[in-house]
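In what follows, a structure is listed as structure tokens, so that the remarks can point back to it.
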Amino acid sequence: MVLSPSKIRKFQKTLFDWWQDHHRDLPWRKTHDPYRILVSEIMLQQTQVLRVIPKYTEFIEIFPDVSTLAASTPAQVLRAWKGMGYNRRALYLRSSAKAIIESYSGIFPDSATELIKLPGVGIYTACALLVFAYKQDVAMVDTNIRKIITHYFFDDKPQKPIDIQRVADQLVPKGKSWEWHQALMDFGAMELKVPQASQKKQKPFRESNRFYRGRIMDRLREREIAEDQLISSVSKEYGSTKEYIHTIIDGLIADGLTTKKENILSLPES
């Protein structure tokens with residue numbers, strides 16, 4: 001779809017007029033430091049903004065720059081990540097920091113080609129860094145932006161990613177990429193609601209693997225513990241089988257979130 005200049009200007013004006021009165025005051029919007037932008041973007045993956053705000057501030061206080069994070073242990077980062085869920089993101093973030101120090105002499109690259117080489121950084125996160133840290137005029141498309149474009153330009157009919165991207169590319173106002181994407185994020189989160197029929201019914205969180213992984217990680221954040229003792233305790237408290245808890249622990253070990261020496265489980269220290 002090729003948009004006319006008048007349609008582009010009209011949509012840009014509509015969005016910016018709305019944003020002038022409804023923009024959110026978020027801590028990561030007060031910096032263009034690529035390190036802090038990366039921290040915020042990794043935290044915001046699959047996590048609500050209100051949960052991220054206090055954890056972002058706390059994390060930055062503990063790890064104020066990329067060199068501090070790179071010099072940390074996995075255990076230190078995982079403890080700081082408590083309450084965020086999806087704990088592998090914490091390890092990806094630390095690995096990215098180490099790559100920045102070791103491969104880029106502590107300087108973040110400013111091209112998508114190089115950024116996507118960082119652990120846990122996909123094309124969206126790379127574009128977010130280009131927009132929010134470097135103010136480059138590139139279009140990024142997340143769930144909210146896809147939702148907006150689908151609604152306003154395709155009558156809520158699902159489209160291929162490439163077609164959404166083509167529209168997004170046309171909409172970016174030259175020299176205002178930072179403001180434009182912040183406005184899109186706010187509008188998608190606050191104004192445009194997903195139709196009820198399109199929402200998928202999810203399995204209750206307490207019945208999910210994520211729930212048990214989180215409970216186990218929280219215990220290991222407090223202290224190391226014998227595997228059989230942990231399995232027995234979690235199984236008894238939540239009414240799950242010991243075999244199931246053992247499977248969850250094996251998954252945590254495979255993901256590098258937990259280490260096991262003899263029968264003792266702990267957070268990884270290296």
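The values are calculated or read from the model by the stated rules, or taken from the named source; none is laboratory data. What you see is a predicted model; the values in this text were computed from it and never measured. Every residue, glycine as well, gets a Cβ built from its backbone with ideal geometry; the counts of neighbours run over all protein chains shown. These area figures cover heavy atoms from the full protein model, side chains too; ligands, DNA and RNA do not enter into them. Shrake-Rupley method; radii C 1.70, N 1.55, O 1.52, S 1.80 Å.
Return yes when residue 82 is open to solvent by 80 Å² or more (accessible area, probe 1.4 Å) and in contact (Cβ under 8 Å) with a residue 12 or more places away in the chain and no when it is not.
Working: open to solvent by 80 Å² or more (accessible area, probe 1.4 Å): yes; in contact (Cβ under 8 Å) with a residue 12 or more places away in the chain: yes.
So residue 82 passes the test.
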query: Does residue 129 satisfy being modelled with pLDDT of 95 or more, surrounded by 20 or more Cβ atoms within 10 Å (Cβ to Cβ) and not in a helix (DSSP H, G or I)?
result: no
- request: Taking residue 90 as the residue in question, decide whether it is touching a residue at least 12 places away in the same chain (Cβ under 8 Å), aliphatic (A, V, I, L, M) and closer than 30 Å to residue 191 by Cβ.
  value: no
query: Looking at the stretch 1-44, which of its residues are open to solvent by less than 30 Å² (accessible area, probe 1.4 Å) and part of a loop (DSSP other than H, G, I, E, B)?
result: 3, 26, 31
query: Would it be correct to say that residue 109 is open to solvent by less than 20 Å² (accessible area, probe 1.4 Å), outside any helix (DSSP H, G or I) and out of contact with any Cys (no Cβ under 6 Å at 6 or more places or on another chain)?
result: yes
message: Please determine whether any residue of the stretch 58-78 is open to solvent by 60 Å² or more (accessible area, probe 1.4 Å), closer than 20 Å to residue 212 by Cα and touching a residue at least 40 places away in the same chain (Cβ under 8 Å).
response: no
